[in-house]
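Trainee: Could you have a look at this structure, given as structure tokens, before my questions?
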Amino acid sequence: MSSAITFSRYGGPDVLTRVEVAAPEPGPGQVRIRVRAVAVNLIDLKIRSGTMAGIMPVEFPHLPGWDVAGVIDRVGEGAHAAIGDEVFGVASLGGYSQYALLERPLAKPAEISFETAAALVTVGETAYRGLHHLDAREGETLLIHGAGGSVGTIALQLAVARRITVIATAGGHDLERLTALGATAVPYGDGWVERVRAAAPQGVDRVFDTSGAGLLADSVALTGNAGQVITIADMAAAEHGVRFTGADPADRFPQALPELAGLLAAGVLDLPIGAGYPLADAARAHADIETRHVRSKVVLLP
């Protein structure tokens, strides 16, 4: 048996319930892991609340979570991994559980923790994908909205490593940290356009919006070209001629994860973990994220 967290109706964090379920058995090409960490992503909260029901409906009871890291304890026929391997990746059936199945297990570098490996999956791929689709290049100036979040912070670090000048909008509590990572950080809120123009007198070439805060019209005006702006969070993207990325699985870059894990292991990237909660406290983790008691990545520890 396996302890897991499920919900049987949409609602607040209190709909998350701890249950005992049969431990899943790996099929051909799959591995089963004893989960050591599972990331809590904002999409988990949106799915649980029903906000995404029109786009990503679920069947009840639903086992949430995708991003997991752990140790292989069973392998299916033809799986390219071995019992005892430390791996991470996307769970096939949901990750808020003591056991999870992976179809594409990735080797976890010894230099990074299970918590960091699990936290990397969605936010790392998203950051990499945004920069790839923008085709941001060395010598250009990139504006990142919401750079204080995990996706924005990773995108910032990847861009700086590629010799791209980064202007980062964020809350006041994040400005010093983002400056230390190599960006010119400016506060968001009223007057942000003027502050960005002052920080980038050479102009802004491309914009990566991770905030979804209704900033696309001004972002297009800054670049002069809607094709130079991309968002992962603003559902009004099409109204501004801006590309929205993330809804189509074919649009994603899971092949980037080994590279990103290597950069973490080498110390080129930093991915702070804000808090770790026991699996049984999943509802509290969701509530703390919603009330902004934690700002960095949150993981559950089965």
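The values are calculated or read from the model by the stated rules, or taken from the named source; none is laboratory data. Everything numeric in this text was worked out from a predicted model, so none of it was measured. Here the Cβ positions follow ideal geometry from the backbone for every residue, glycine too, while neighbour counts run over all protein chains shown.
Trainee: In the stretch 278-302, what count of residues is obtained for those that are charged (D, E, K, R), closer than 15 Å to D44 by Cα and touching a Gly at 6+ places or on another chain (Cβ under 8 Å)?
Mentor: Of the residues in the stretch 278-302, 1 are charged (D, E, K, R), closer than 15 Å to D44 by Cα and touching a Gly at 6+ places or on another chain (Cβ under 8 Å).
Trainee: Has the stretch 120-141 got at least one residue that is assigned to a strand (DSSP E or B), assigned by TED's automatic domain parsing to the domain that holds I230 and either polar (S, T, N, Q) or touching a Leu at 6+ places or on another chain (Cβ under 9 Å) (or both)?
Mentor: Yes, the stretch 120-141 contains at least one residue that is assigned to a strand (DSSP E or B), assigned by TED's automatic domain parsing to the domain that holds I230 and either polar (S, T, N, Q) or touching a Leu at 6+ places or on another chain (Cβ under 9 Å) (or both).
Trainee: If you take just the strands (runs of 3 or more DSSP E) that sit entirely in the stretch 1-119, which of them hold at least 2 residues that are within 21 Å of R295 (Cα to Cα)?
Mentor: 31-40, 67-75
Trainee: Right, here's the next one. For residues that are out of contact with any Ser or Thr (no Cβ under 6 Å at 6 or more places or on another chain), in a strand (DSSP E or B) and not hydrophobic (A, V, I, L, M, F, W, C), scanning just the stretch 184-221, find the one that is surrounded by the most Cβ atoms within 10 Å (Cβ to Cβ).
Mentor: Going through the qualifying residues, I end up with R206.
Trainee: Additional query: Just need a number here: residues in the stretch 259-302 that are hydrophobic (A, V, I, L, M, F, W, C) and part of a strand (DSSP E or B).
Mentor: Total meeting the criteria: 6.
Trainee: Return the residues of the stretch 92-137 that are surrounded by 24 or more Cβ atoms within 10 Å (Cβ to Cβ) and among the basic types (K, R); say none if nothing qualifies.
Mentor: K108
Trainee: State all residues of the stretch 13-58 that are under 21 Å from the mean Cα position of the chain (by Cα), without any contact (Cβ under 8 Å) to a residue 40 or more places away in the chain, over 21 Å from S296 (Cα atoms) and surrounded by fewer than 15 Cβ atoms within 10 Å (Cβ to Cβ); if no residue qualifies, say none.
Mentor: Across the stretch 13-58, the qualifying residues are T51, M56, P57.
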